[in-house]
Every structure is written in C-alpha cells, then in structure tokens.
Amino acid sequence: MDIQLSPAALERVQRFLASNPDALGMRFGVERTGCSGWGYVVDLAREEREGDRVVEQGGVRVYVDPQSAPLVAGTRIDFARVGLNEQFTFSNPNMAAECGCGESFTTDADRAI
C-alpha cells in the first residue's frame, strides 16, 4: 500500500507530532459519511491496532486500518493554506465521484452495490 505525503503535508504532520510526543504517528482512513459515501479521517495514532498497515515517510508513520486500506491505496496527501483556512487535501486514484460539497466520495466498487 502506498500513501504519499507532499512536502507541505509532511512538514505539517511532523510539527503536529512534535507537539504531541505521546502520538505514534498519523492515522489516516475513511468512514461512511456525507452524500456520496466515504469521508476522510485524519487523526493522531496513539496506538497500533490489529491489522493496521503502516507506511513511513520522512520519519512519520501513517497508520491505516484494514477496511480503509483498499479505498485509500495510492492516495497523495497535501496540505494547503487558502486565505485564513488550512486543510489537508487528498488526491485519491480510487475515487470515482465526489459529492457537490466535496465532503465525501465514492468508488467504482460502491457504484456496483
């Protein structure tokens, strides 16, 4: 499984982890939400869970649960500042469509259901 952090995302996560020394790394995955089906979840990983897949880049470990792994494989995570807002952005090759508000996405596998 390949998850990539852009230089801006890597720097942001490194700074965040430096201020949270009890965290193991970043947790990245998806959950059912929104009008299209899947929404991204980004949080601190405070424990390694059974079945987690771990990717390391620049000293940052990214923990992905086994249910999310096929839906986020190949995703590139970036960090963008637009005006006063800051947020992670995602370029996911598995995404087939996105809802109009941009909060959730669907995959080709979801369309077959």
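The values are calculated or read from the model by the stated rules, or taken from the named source; none is laboratory data. Please read these numbers as outputs of a predicted model, since none were measured by experiment. A quick note on method: Cβ atoms are made from the backbone with ideal geometry, for glycine too, and the neighbour counts reach across all protein chains shown.
Which one of these is within 23 Å of Thr107 (Cβ to Cβ) and either touching a residue at least 12 places away in the same chain (Cβ under 8 Å) or crowded, with 17+ Cβ neighbours inside 10 Å (or both): Arg53, Arg46? Working first, answer last.
On the way: Arg46 fails: within 23 Å of Thr107 (Cβ to Cβ).
When all the criteria are applied, what remains is Arg53.
Could you say whether any residue in segment 70-77 is assigned to a loop (DSSP other than H, G, I, E, B) and surrounded by 15 or more Cβ atoms within 10 Å (Cβ to Cβ)?
So the first thing to find is which residues in segment 70-77 are assigned to a loop (DSSP other than H, G, I, E, B), and the list is 73-75.
So of that shortlist, the ones also surrounded by 15 or more Cβ atoms within 10 Å (Cβ to Cβ) come out as 73, 75.
Yes; the residues of segment 70-77 include at least one that is assigned to a loop (DSSP other than H, G, I, E, B) and surrounded by 15 or more Cβ atoms within 10 Å (Cβ to Cβ).
If the Cβ limit is 7 Å and pairs must be 6+ apart or interchain, which residue in segment 81-103 that is part of a strand (DSSP E or B) pairs with which residue that is polar (S, T, N, Q) and modelled with pLDDT of 85 or more?
Phe90/Thr75; Ser91/Thr75
Only one of Val60, Val82 is within 16 Å of Ala8 (Cα to Cα) and at pLDDT below 90; which?
Working: Val60 fails: at pLDDT below 90.
After applying the criteria, what remains is Val82.
Hey, any hits in segment 39-60 for a residue that's of a type outside the set (Ser, Thr, Tyr), touching a Ser or Thr at 6+ places or on another chain (Cβ under 7 Å) and either more than 18 Å from Phe88 (Cβ to Cβ) or not in a strand (DSSP E or B) (or both)? Write out each step before concluding.
Filtering segment 39-60 down to residues of a type outside the set (Ser, Thr, Tyr) leaves 39, 41-60.
Checking the rest, the ones that are also touching a Ser or Thr at 6+ places or on another chain (Cβ under 7 Å) come to 39.
Subset that is either more than 18 Å from Phe88 (Cβ to Cβ) or not in a strand (DSSP E or B) (or both): none.
No.
Among the candidates Ala45, Ala18, Ala96, single out the residue that is in contact with a helix residue (DSSP H, G or I) (Cβ under 8 Å, 6 or more places away or on another chain) and more than 16 Å from Met1 (Cα to Cα).
Working: Ala45 fails: in contact with a helix residue (DSSP H, G or I) (Cβ under 8 Å, 6 or more places away or on another chain); Ala18 fails: in contact with a helix residue (DSSP H, G or I) (Cβ under 8 Å, 6 or more places away or on another chain).
From the options Ala45, Ala18, Ala96, the qualifying one is Ala96.
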